[in-house]
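A.B. asks: Starting off with a structure, shown below.
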Amino acid sequence: KQEVTQIPAALSVPEGENLVLNCSFTDSAIYNLQWFRQDPGKGLTSLLLIQSSQREQTSGRLNASLDKSSGRSTLYIAASQPGDSATYLCAVSTQGSARQLTFGSGTQLTVLP
Amino acid sequence: GAGVSQSPSNKVTEKGKDVELRCDPISGHTALYWYRQSLGQGLEFLIYFQGNSAPDKSGLPSDRFSAERTGGSVSTLTIQRTQQEDSAVYLCASSSGETQYFGPGTRLLVL
């Protein structure tokens, strides 16, 4: 059974800092890995999707990497802003699971102005 | 364009009552998913619909939970004889490819 772990559970940084969020998964037979953002009381917003054959994806100040063999992904946020404050969720779609997503428990990020 | 919509946004019910939660996926998306987000359990998969294929119900926690998808579009998640442990946010997602797009969720509170 696929298990996804995110570290740290919470992170607080001053505005302007670069930061890294970590995600690990136990079964490397994945279709893809997605990073989502969730704001309080809101649904999930997809940030980046990395296919199993890819090593990284970039969107603006966000860069996500994938090392499938070691079961790890990182989300790098450059020049953090208070508006980046949210919970960041990592999710994997595992082969043989009909594309359902298995989620980590999230990292709650606070960027202080 | 319009995203995934869900209704109601909030639902308070008494233990033992039945509830129906609705999801309107993005037009043209053939795949539809239900997930549940509860304190202490995180986000967990419930059920998956793909086109006209039989749904994948492997994540439903008990036979009190069921879901339908009519005409390949709107989906309804029904919880019968609700229990307090059913209190959670129920999220719906749809996709036409790899990326899943989520609705805002229905927050269910069972008293």
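Any read-out appearing in this document is the output of simple, stated calculations on the displayed coordinates, not a laboratory observation. Remember, it's a predicted structure, so these values are computed and weren't measured experimentally. All Cβ positions, glycine included, derive from the backbone under ideal geometry; neighbour counts span all protein chains shown.
A.B. asks: Using the 2.2 N^0.38 Å rule of thumb for compact globular proteins, work out how the protein assembly as shown stacks up: its C-alpha Rg over that value, please. Don't jump to the answer; show the numbers that get you there.
C.D. replies: Details: Rg = 17.5 Å, N = 224, 2.2 N^0.38 = 17.2 Å.
After normalising by residue count via 2.2 N^0.38 Å, the value is 1.02.
A.B. asks: Need the list of lysines near B:Lys17 for cross-linking: C-alpha distance under 28 angstrom, and skip anything on the same chain fewer than eight residues off.
C.D. replies: The reachable lysines, counting only those whose Cα sits under 28 Å from B:Lys17, are A:Lys42, B:Lys57.
A.B. asks: For the protein assembly as shown, what is the charge dipole size about the Cα centre, in debye to the nearest 20, if Lys and Arg each add +1 at the Cβ and Asp and Glu each add -1 at the Cβ? Don't skip to the end; give the middle numbers.
C.D. replies: On the way: 18 positive and 19 negative charges, 48 e Å.
Using Cβ point charges on Lys, Arg, Asp and Glu, the protein assembly as shown gives about 240 debye.
A.B. asks: Using +1 on the beta carbon of Lys and Arg, -1 on that of Asp and Glu, and nothing else charged, what's the dipole of segment A:22-108 about the Cα centre, debye to 20? Write out the running numbers ahead of the final one.
C.D. replies: Numbers: 7 positive and 5 negative charges, 17 e Å.
Taking the Cα centre of segment A:22-108 as origin, the dipole is about 80 debye.
A.B. asks: Enumerate the whole-percent occupancy of each 10 Å bin, from 0 to the last occupied one, for all C-alpha pair distances of segment A:1-45.
C.D. replies: Result returned by the calculation: 18, 44, 32, 6.
A.B. asks: Ignoring solvent entirely, what values of log10 I(q)/I(0) come out of the Debye formula for chain A at 0.10, 0.15, 0.18 Å⁻¹ when each Cα is a single scatterer?
C.D. replies: Values returned for q = 0.10, 0.15, 0.18 Å⁻¹ are -0.26, -0.59, -0.84.
A.B. asks: Here is a follow-up. Just add up the charged neighbours of B:Arg36: K/R +1, D/E -1, any other residue whose Cβ is under 9 Å from the Cβ of B:Arg36.
C.D. replies: Details: positive: none; negative: B:Glu44, B:Asp86.
Result for the local shell: -2.
A.B. asks: Round to a whole angstrom and tell me the spacing of the C-alpha centers of segment A:60-109 and segment B:18-59.
C.D. replies: Cα centroid of segment A:60-109 versus Cα centroid of segment B:18-59: 21 Å apart.
A.B. asks: Next question. With a sphere of radius 11 Å drawn around the Cβ of B:Gln6, what net charge do the other residues whose Cβ falls strictly inside it have (Lys, Arg +1; Asp, Glu -1)? Please report the intermediate quantities before stating the final value.
C.D. replies: Working: positive: B:Lys11, B:Arg22, B:Arg107; negative: B:Asp24.
Taking every Cβ under 11 Å from that of B:Gln6, the sum is +2.
A.B. asks: Kindly identify segment B:4-44 as rounded, prolate or oblate by the Cα gyration tensor criterion: order the square roots of the eigenvalues as a ≥ b ≥ c, call it rounded if a/c is under 1.5, otherwise compare a/b with b/c, prolate if a/b is larger, else oblate. Each step should come with its number before you reach the end.
C.D. replies: Numbers: a/c = 2.59, a/b = 1.44, b/c = 1.80.
Judged from the Cα gyration tensor, segment B:4-44 comes out oblate (a/c at least 1.5, b/c at or above a/b).
A.B. asks: Using the Cα centre as the reference, give the magnitude of the dipole from point charges on the C-beta atoms of segment A:1-73 (Lys, Arg: +1; Asp, Glu: -1; all else neutral), rounded to the nearest 20 debye. Could the numbers behind the result be given before it?
C.D. replies: Values: 7 positive and 7 negative charges, 34 e Å.
Charge dipole of segment A:1-73: 160 debye, to the nearest 20.
A.B. asks: Taking the protein assembly as shown as a whole, which cysteines find no other cysteine Cβ under 4.7 angstrom from their Cβ?
C.D. replies: none
A.B. asks: Size of chain B along its principal axes in angstrom, Cα-based, largest extent first?
C.D. replies: For chain B, the Cα extents along the three principal axes come out at 37, 28, 25 Å.
A.B. asks: Picking from A:Leu75, B:His29, B:Gly42, whose Cα lies most toward the positive end of the charge dipole for the protein assembly as shown (charges on Cβ: Lys, Arg +1; Asp, Glu -1)?
C.D. replies: B:His29
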